[in-house]
């Protein structure tokens with residue numbers, strides 16, 4: 001399947017795609033008694049039924065199944081046999097070949113192919129002829145009858161399909177049918193009763209998730225929306241792909257939309273909805289307008305606002321309103337938008353009536369604002385208070401709308417109030433992860449503010465925005481300006497030094513000085529609970545500068561940390577991940593993610609998802625890491641960070657571990673170039689870790705040394721002595737030993753052993769074992785080299801990650817082969833290969849198998865295929881393309897190619913034809 005294929009365009013339907021895979025695969029074989037014979041896809045208009053139908057047809061064609069298609073239209077529902085004519089159009093040559101003359105003539109007349117005015121169409125003959133034709137075709141080749149939008153099929157055609165269903169038992173004939181419905185309905189053509197022995201797979205399509213909607217917009221339109229707009233689009237469209245795409249297309253044609261403003265509704269959707277709402281009488285329209293203006297409304301409040309509860313019943317019956325106990329809601333967000341899109345005077349009147357009867361302060365303030373024309377300080381002040389209360393309740397998007405309304409209602413002379421409210425709006429937008437909008441407001445606000453607390457607070461927020469969207473230098477410049485603006489305010493000075501300790505990552509000595517200044521101030525005055533985080537930053541920065549880890553300082557910080565801190569830090573998780581305490585690291589990042597989501601503070605979500613991805617890489621859970629990395633990239637793009645470098649870097653690191661070396665290398669090369677151009681040493685060093693990982697897995701020792709030199713330069717530039725997991729010197733050590741550069745290798749070994757003594761960590765211990773073994777090998781001490789790797793013998797062994805154990809076994813196998821102990825070498829290499837394959841480290845797997853191939857062992861037969869190779873071989877033997885095999889097994893096409901190359905080598909064959917002959921007897925038995 002290519003990128004333009006229907007399957008490549010389906011988003012968020014993994015379960016449904018799996019159901020289609022199972023169904024279509026069944027068409028390749030004689031049906032078992034309980035095999036699925038019918039797939040019924042249903043759901044509301046625009047939900048994506050037709051796209052799945054196209055995917056099912058494409059899957060069937062790709063697996064050698066004949067497909068007959070019909071797509072009835074509403075305009076043809078009154079024409080007899082219109083759908084049947086569509087269905088049999090491509091089968092007519094077979095009809096002329098297999099049908100008796102009488103049946104062929106009757107069918108040709110029914111379908112309008114022949115004109116015989118004297119002949120009355122006998123429905124029984126048409127049904128029998130069609131059934132005989134399709135059943136005959138299914139004996140030659142598996143056959144799929146695919147009908148899209150079955151609700152529009154004409155009655156005579158429907159009767160034919162029902163008849164065919166009853167005759168299709170035990171044949172390689174299946175049905176794929178879609179139907180529009182608002183709730184689960186009966187199976188079309190009574191196929192569930194027509195084929196009683198076979199279950200029907202019903203696929204009810206639910207609305208897309210928020211993440212799936214983000215991917216849909218990116219894939220189809222190349223559009224990334226700020227999170228607040230994405231949330232509103234999801235709400236407004238109800239997760240229906242068609243509606244979401246139409247609204248997004250209209251949105252793309254418009255200038256920027258301010259916070260709280262409504263998204264555009266395209267005319268194509270408006271026309272459909274107005275046709276439904278245009279029949280309302282004035283009392284019903286009034287009631288719906290009050291509900292739309294409120295979002296949801298109690299019947300008692302509707303009555304108090306002058307609405308007529310008696311007018312509600314018909315709207316509920318028509319689906320325009322929904323009622324839950326005493327609460328009225330719009331039947332669909334698009335209906336509310338259409339009703340609300342009335343005259344401005346009518347909207348203002350509705351809000352004025354609601355403001356007079358609403359007890360909830362935030363809602364009353366909003367209604368007063370929307371009922372008011374022009375500036376009104378009393379209304380603006382009420383809105384500002386409501387916005388602050390809403391922000392405290394972890395609803396930054398809603399708070400941003402209230403602050404925007406407050407700004408709009410602020411009188412021109414109220415400069416101080418206007419600036420204060422603009423800052424509140426920027427803060428709410430920052431918390432809601434709409435970084436571009438927050439930055440735009442701050443860029444306008446900061447230049448006009450005089451020195452003082454308000455300017456310092458504005459610069460703190462802008463530094464946070466720059467930290468995510470620009471560079472450390474930009475963030476530090478903001479905070480340094482804030483130090484000048486803050487004067488002698490100890491609260492602000494403490495927070496500013498604290499921010500500098502984070503942002504000055506380009507100079508660790510400077511960062512440590514600011515961390516110590518922050519701690520000293522916060523020990524005296526800590527209203528925000530920042531002392532714990534400042535102590536953690538002081539701890540990790542001193543470690544990276546080469547000091548002994550002061551664990552007592554970290555433990556004190558953790559003890560001081562509030563239960564719900566306002567500014568939790570990732571430092572404990574980073575530390576635990578560095579020393580392989582991965583469960584604790586994972587819990588820390590998950591806790592922070594939950595904390596931020598519960599508080600509505602979403603600007604750090606992408607960073608936390610990236611950290612979780614790193615933990616899963618270190619745990620050898622590469623599929624989980626990939627999912628976290630993809631989620632991090634999506635979150636970064638939603639908050640306006642188009643580069644999303646940390647998330648993309650960790651995704652490239654996943655690729656490097658699973659053997660997608662070309663992709664990882666290209667991405668990391670470009671990322672390194674960008675970081676070096678910006679002078680961003682930390683990000684450059686992080687990208688170089690990806691390059692070092694790829695070079696090491698390839699066995700390219702010279703490239704490892706080049707990358708290590710570049711990495712060392714980046715780390716030295718910021719004063720980093722202990723990079724934790726940010727360096728590649730452990731890979732450099734192995735490369736030096738392998739290349740025979742023994743003096744430099746011994747120097748680096750001494751350095752790394754010193755670091756390991758200061759900060760013990762299993763992954764570095766494993767690297768040191770391998771390096772010492774390779775050094776002894778280079779020195780000709782085979783016995784000593786083997787002894788170094790004895791640590792991995794036995795079922796228990798050291799508490800290393802699986803990748804480190806397998807890499808050490810690989811080194812042991814190489815040494816044993818050099819020592820001419822092939823049996824022991826083979827055992828070590830086989831165990832290494834098994835681990836590499838189990839965790840999905842395919843690049844290292846190739847290295848291990850290449851080493852095993854040098855042992856000169858007898859080529860194994862087909863029974864020596866690994867489970868993954870066996871699966872790929874069997875599917876390829878069935879005639880599936882590499883892409884089809886990849887889709888079936890959730891692999892990349894390149895991984896499939898690699899598996900097949902190994903299969904060919906193991907089986908001693910050179911072509912798919914030989915593979916098919918060799919595995920043919922087993923291919924039909926694949927489940």
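The values are calculated or read from the model by the stated rules, or taken from the named source; none is laboratory data. Predicted model only: the values in this text are computed from it and were never measured. Methodologically, a virtual Cβ is constructed for each residue, glycine included, from the backbone with ideal geometry; neighbour enumeration extends over all protein chains shown.
In segment 179-191 there is no residue that is crowded, with 24+ Cβ neighbours inside 10 Å, part of a loop (DSSP other than H, G, I, E, B) and assigned by TED's automatic domain parsing to the domain that holds residue 45. For segment 795-837, a residue qualifies if it is outside any helix (DSSP H, G or I) and closer than 20 Å to residue 763 by Cβ, and the qualifying residues are 796, 797, 798, 799, 800, 801. The helices (runs of 4 or more DSSP H) located wholly in segment 612-709 that include 3 or more residues which are out of contact with any helix residue (DSSP H, G or I) (no Cβ under 8 Å at 6 or more places or on another chain) occupy 661-678. A single entry from 259, 330 fulfils the requirement of being in the same structural domain as residue 237 (by TED's automatic domain parsing), buried (at least 20 other Cβ atoms within 10 Å of the Cβ) and either modelled with pLDDT under 80 or touching a helix residue (DSSP H, G or I) at 6+ places or on another chain (Cβ under 6 Å) (or both): 259.
Among the residues of segment 841-853, those that are within 15 Å of residue 698 (Cα to Cα) and buried (at least 18 other Cβ atoms within 10 Å of the Cβ) comprise 841, 842, 843, 844, 845, 846, 847, 848, 849, 851.
Based on what the data block shows, is residue 827 surrounded by 15 or more Cβ atoms within 10 Å (Cβ to Cβ) and more than 23 Å from residue 737 (Cα to Cα)? Criteria met by residue 827. Tallying residues that are part of a helix (DSSP H, G or I) and surrounded by 16 or more Cβ atoms within 10 Å (Cβ to Cβ) within segment 722-745 yields 11.
In this entry, residue 197 passes the filter for residues that are at pLDDT below 85 and surrounded by fewer than 16 Cβ atoms within 10 Å (Cβ to Cβ). Applying the criterion of being in contact with a helix residue (DSSP H, G or I) (Cβ under 6 Å, 6 or more places away or on another chain) and over 22 Å from residue 440 (Cβ atoms) to the residues of segment 469-488, the residue that is surrounded by the most Cβ atoms within 10 Å (Cβ to Cβ) is 486. Looking across 273, 217, 245, 233, one residue alone is modelled with pLDDT under 80, assigned to a helix (DSSP H, G or I), closer than 22 Å to residue 50 by Cβ and in contact with a helix residue (DSSP H, G or I) (Cβ under 9 Å, 6 or more places away or on another chain). It is 273. Here residue 466 meets each of (1) more than 30 Å from residue 676 (Cβ to Cβ); (2) touching a helix residue (DSSP H, G or I) at 6+ places or on another chain (Cβ under 6 Å) with one exception, condition (1).
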